[in-house]
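Student: Here it is: the structure, laid out below.
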Amino acid sequence: MRDQALLAELEPTGAHLLERHLATAKEWFPHEMVPWSRGSDFAEGEPFDPDAAPLAGAVRSALTVNLLTEDNLPHYLRTIVKHFGSKDVWREWYGRWTAEEGRHSMVIRDYLTVTRSVDLRALERARMLQVTRGVVPDPPGITDGIVYVALQELATRIAHRNTGKLLGDPAGAAVMSRVAADENLHHLYYRDLCTAALEIDPSAMVAAIDRQVRNFEMPGVGIPDFSRHARAIADAGVYDFAAHHDQILVPVVLKHWRIEQLQNLKAAAEQARERLMHHMERINTAAKRMLARRARRTAPAI
């Protein structure tokens with residue numbers, strides 16, 4: 001089924017999911033969550049003082065990646081508009097999505113500024129470079145696009161929430177938890193849009209799920225030094241193979257989309273499902289090995 005035909009059949013579901021989202025989403029204000037009284041003026045050229053907010057390097061990496069990921073919103077919107085087009089139901093959805101996502105960089109950056117949790121000059125240079133480049137994942141069509149954002153929004157929610165837990169600061173944890181709550185609602189919209197698409201064209205959707213799971217990459221892939229940050233984030237347990245398998249692939253792909261129970265698939269889709277299941281098992285094996293290594297590394301010496 002061609003993209004436009006699938007989108008046309010999905011329009012009633014998209015409208016229903018938008019209504020559900022608007023009924024569920026809670027109004028909140030970034031300025032009310034920032035501990036402004038902890039802030040102070042910056043001198044021009046003032047060097048970063050890591051002692052101002054003692055944090056592990058991995059936590060600073062997570063904060064940096066989380067914020068820069070949110071900063072790239074214009075390029076995510078560009079990709080979404082390309083795939084969804086300008087029909088009213090989709091324009092209303094991605095307009096609301098963009099407005100909600102825009103608050104995330106506001107509140108995280110203000111929190112980092114008043115708490116001096118990261119090197120803000122380095123952060124701004126990285127933002128300028130990343131947004132200028134505009135490198136973001138760009139799935140090839142609408143089936144791949146909705147699968148990717150369903151997985152990515154959940155991954156982002158997990159990363160934000162886990163980062164908040166490591167801050168040791170109730171104000172920071174509240175900021176990250178609030179952003180994560182938005183991301184979860186966005187995930188639910190796209191997850192259930194995929195569910196409807198699976199009923200319309202299961203073979204095309206299984207092929208898309210296979211491609212996006214096997215080639216999944218976080219939206220911050222264009223961030224300077226992303227690989228180094230990603231390794232630190234994984235080592236700290238903010239987002240790693242275990243989280244990806246246990247909190248995304250199992251609950252969404254296996255349990256919600258019920259990929260193993262789908263019937264009457266075309267031959268190519270059957271092959272895609274087999275490939276997908278094999279890949280998920282490999283991720284599970286890698287996750288178990290990673291957790292075992294981490295346990296050995298952190299075990300107290302006898």
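The values are calculated or read from the model by the stated rules, or taken from the named source; none is laboratory data. Computed from a prediction, not measured in an experiment: that's the story for all the values here. Cβ: placed from backbone, ideal geometry, glycine included. Neighbour counts: every protein chain shown. Calculation scope for accessible area: heavy atoms of the full protein, side chains included, ligands and nucleic acids excluded. Shrake-Rupley method; radii C 1.70, N 1.55, O 1.52, S 1.80 Å.
A quick yes/no check of all residues on (1) closer than 27 Å to Ala204 by Cα; (2) of a type in the set (Gly, Ala, Ser); (3) assigned to a helix (DSSP H, G or I); (4) touching a Lys or Arg at 6+ places or on another chain (Cβ under 9 Å):
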| residue | (1), (2), (3), (4) |
| --- | --- |
| Ala230 | no, yes, yes, no |
| His244 | yes, no, yes, no |
| Ile248 | yes, no, yes, no |
| Pro251 | yes, no, yes, no |
| Lys255 | yes, no, yes, no |
| Lys288 | no, no, yes, no |
| Arg296 | no, no, yes, no |
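Student: Kindly provide the set of residues from region 153-181 that are acidic (Asp, Glu) and part of a helix (DSSP H, G or I), ordered by number.
Tutor: Glu153
Student: Considering only region 262-302, state which residues are free of Cβ contacts under 8 Å to residues at least 60 places away in the same chain, of a type outside the set (Asp, Glu), open to solvent by 90 Å² or more (accessible area, probe 1.4 Å) and under 24 Å from Asn215 (Cβ atoms).
Tutor: Result: Gln271, His278, Arg282, Lys288, Arg289.
Student: Now for a separate question. Please pick out the residue among Gly220, Gly237 that is more than 17 Å from Ile146 (Cβ to Cβ), buried (at least 16 other Cβ atoms within 10 Å of the Cβ), at pLDDT below 95 and out of contact with any helix residue (DSSP H, G or I) (no Cβ under 6 Å at 6 or more places or on another chain).
Tutor: Gly237
Student: On to the next question. Can you run down the residue pairs with Cβ atoms below 7 Å, 6 or more apart or on separate chains, where the first is in region 60-85 and of a type in the set (Ser, Thr, Tyr) and the partner is open to solvent by 30 Å² or more (accessible area, probe 1.4 Å)?
Tutor: Short answer, once both residue conditions are applied: Thr79/Asp138.
Student: Then there's this: Output the qualifying pairs, or none if there are none: Cβ atoms under 7 angstrom, residues six or more apart or on different chains, first residue in region 35-54 and of a type outside the set (Gly, Ala, Ser), second residue open to solvent by less than 70 Å² (accessible area, probe 1.4 Å) and part of a helix (DSSP H, G or I).
Tutor: The qualifying pairs are Pro35/Val114; Pro35/Ala171; Trp36/Val114; Arg38/Val114; Arg38/Thr115.
Student: Then there is this: From the list Val118, Val81, Val107, which residue is of a type in the set (A, V, I, L, M, F, W, C) and surrounded by fewer than 18 Cβ atoms within 10 Å (Cβ to Cβ)?
Tutor: Matching residue, one of Val118, Val81, Val107: Val81.
Student: Then there's this: Which residues, counting only those in region 157-180, are open to solvent by 30 Å² or more (accessible area, probe 1.4 Å) and either touching a residue at least 40 places away in the same chain (Cβ under 8 Å) or over 27 Å from Leu6 (Cβ atoms) (or both)?
Tutor: Scanning region 157-180 gives Arg161, Asn162, Lys165, Leu166, Gly168, Pro170, Ala173, Ala174, Ser177, Arg178.
Student: Just give me the residues in region 209-228 being closer than 30 Å to Leu265 by Cα and free of Cβ contacts under 8 Å to residues at least 12 places away in the same chain, in sequence order.
Tutor: Of everything in region 209-228, just one residue is closer than 30 Å to Leu265 by Cα and free of Cβ contacts under 8 Å to residues at least 12 places away in the same chain, namely Asn215.
Student: Report, ordered by the first and then the second residue, all pairs with beta carbons closer than 9 Å, sequence separation of six or more or different chains, a first member in region 235-256 that is of a type in the set (A, V, I, L, M), and a second member that is open to solvent by 70 Å² or more (accessible area, probe 1.4 Å).
Tutor: Ala236/Leu166; Val238/Lys165; Val238/Leu166; Ala242/Lys288; Ala242/Leu291; Leu254/Glu260
Student: Let me ask something else about it. Looking at region 81-102, is at least one residue at positive phi and out of contact with any Asp or Glu (no Cβ under 7 Å at 6 or more places or on another chain)?
Tutor: Yes, there is a match, as at least one residue in region 81-102 is at positive phi and out of contact with any Asp or Glu (no Cβ under 7 Å at 6 or more places or on another chain).
Student: Can you name every residue in region 132-152 that is open to solvent by less than 40 Å² (accessible area, probe 1.4 Å), assigned to a helix (DSSP H, G or I) and not acidic (Asp, Glu)?
Tutor: Within region 132-152, Ile142, Thr143, Gly145, Ile146, Val147, Tyr148, Val149, Ala150, Leu151, Gln152 qualify.
Student: Output the helices (runs of 4 or more DSSP H) that fall wholly within region 33-127 and possess 3 or more residues being over 23 Å from the mean Cα position of the chain (by Cα), or say none.
Tutor: The helices (runs of 4 or more DSSP H) meeting that bar are 88-115.
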